[in-house]
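Colleague: This structure is in structure tokens; I'll ask about it shortly.
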Amino acid sequence: MATTSGSDGRDRRSERREATKAEILDAAWAIVRADGLGALSLRDLAGKVGMQAPSLYQYFDSKNAIYDAMFAQGNRALAERVAQMPESDDPEADMHRVARIFVEFSVEDPARYQLLFQRTIPGFEPSPESYGLAVDLLQRGADRLAEAGVRHPHALDLFTALVAGLSAQQVANEPGGTRWVALVDDAVDMFFTYMRSQA
């Protein structure tokens, strides 16, 4: 019986499979960035990677499974961006940086923003595993707010509404611009001023 492992112990069949999945996802991102999230079709996607549409089911069991993998990729990319941020001994300043990272990440790729933060695809719900990545990010935000002395039960909801609102305005009204991006620090200052008044 043939083995899939080389003399170095690598599982080359699994590596090829993961490489093909990555190629499919790269092609899917290219389609949605060019034509919008709703433009993703299995036939076009298969053609872009040089296979027949039914062959995609060897890698993803549905179009929503492709969206789910993209959702997970997007959240991992945001988590990595946040993790690269150097933390200081000033939690409030850190939250300013987190807000800027979130808004800049959102507006630099409108298709990814829509997939992660809006519900524009009928019938698509991220899997618990993929959604768990987003929940982990939110929990880190809540922890940082607590470090800044903000423990109001609705503080995280208000903070995320502010930064998501700025992102939405920028993506919808001035793609590629900075009109709402430039308001991030003012919005976060306003948030902390209000939260201190509620203490």
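The values are calculated or read from the model by the stated rules, or taken from the named source; none is laboratory data. Fair warning: this is a prediction, and the values are worked out from it, not measured in the lab. As a convention, Cβ positions derive from the backbone with ideal geometry for all residues, glycine included, and neighbour counts pool all protein chains shown.
Colleague: Looking at the structure I just gave you, is A161 part of a helix (DSSP H, G or I), closer than 29 Å to L40 by Cβ and of a type in the set (G, A, S)? If you could, list the steps in order and put the result at the bottom.
Modeller: Numbers: part of a helix (DSSP H, G or I): yes; closer than 29 Å to L40 by Cβ: yes; of a type in the set (G, A, S): yes.
So A161 fits the description; yes.
Colleague: Follow-up question, since we're still on this one. Which of (1) within 18 Å of the chain's Cα centre (by Cα); (2) closer than 21 Å to F192 by Cα; (3) surrounded by fewer than 17 Cβ atoms within 10 Å (Cβ to Cβ) does P153 not meet, given it meets every other one?
Modeller: If we test P153 against (1) within 18 Å of the chain's Cα centre (by Cα); (2) closer than 21 Å to F192 by Cα; (3) surrounded by fewer than 17 Cβ atoms within 10 Å (Cβ to Cβ), just (1) comes out false.
Colleague: What residue, of R33, R97, is in contact (Cβ under 8 Å) with a residue 24 or more places away in the chain and surrounded by 13 or more Cβ atoms within 10 Å (Cβ to Cβ)?
Modeller: On the way: R97 fails: in contact (Cβ under 8 Å) with a residue 24 or more places away in the chain.
Testing whether each residue is in contact (Cβ under 8 Å) with a residue 24 or more places away in the chain and surrounded by 13 or more Cβ atoms within 10 Å (Cβ to Cβ) leaves just R33.
Colleague: Quick one: M190 ticks every box in (1) surrounded by fewer than 13 Cβ atoms within 10 Å (Cβ to Cβ); (2) assigned to a helix (DSSP H, G or I); (3) under 19 Å from the mean Cα position of the chain (by Cα); (4) free of Cβ contacts under 8 Å to residues at least 40 places away in the same chain bar one, so which box is it?
Modeller: (3)
Colleague: If F60 passes every condition in (1) at pLDDT 95 or above; (2) of a type outside the set (V, I, T); (3) in a loop (DSSP other than H, G, I, E, B); (4) under 30 Å from P175 (Cα atoms) but one, which one does it miss?
Modeller: Unmet for F60, out of (1) at pLDDT 95 or above; (2) of a type outside the set (V, I, T); (3) in a loop (DSSP other than H, G, I, E, B); (4) under 30 Å from P175 (Cα atoms): (4).
Colleague: Would you point out which residue out of R81, R16 is assigned to a helix (DSSP H, G or I), touching an Asp or Glu at 6+ places or on another chain (Cβ under 9 Å) and surrounded by fewer than 15 Cβ atoms within 10 Å (Cβ to Cβ)? Spell out how you get there, then give the answer.
Modeller: Values: R16 fails: touching an Asp or Glu at 6+ places or on another chain (Cβ under 9 Å).
From the options R81, R16, the qualifying one is R81.
Colleague: Working carefully through the options L162, L138, find the one that is of a type in the set (A, V, I, L, M, F, W, C) and touching a Leu at 6+ places or on another chain (Cβ under 9 Å). Show your work before the answer.
Modeller: Numbers: L162 fails: touching a Leu at 6+ places or on another chain (Cβ under 9 Å).
Result of the check over L162, L138: L138.
Colleague: Specify the residue that is surrounded by the most Cβ atoms within 10 Å (Cβ to Cβ); the eligible residues are those in the range 112-150 that are of a type in the set (F, W, Y) and assigned to a helix (DSSP H, G or I). Break it down into steps so the answer makes sense when it comes.
Modeller: Let us first name the residues in the range 112-150 that are of a type in the set (F, W, Y), namely 113, 117, 124, 131.
Subset that is assigned to a helix (DSSP H, G or I): 113, 117, 131.
Numbers: Y113: 20, F117: 18, Y131: 15.
Among them, the one singled out is Y113.
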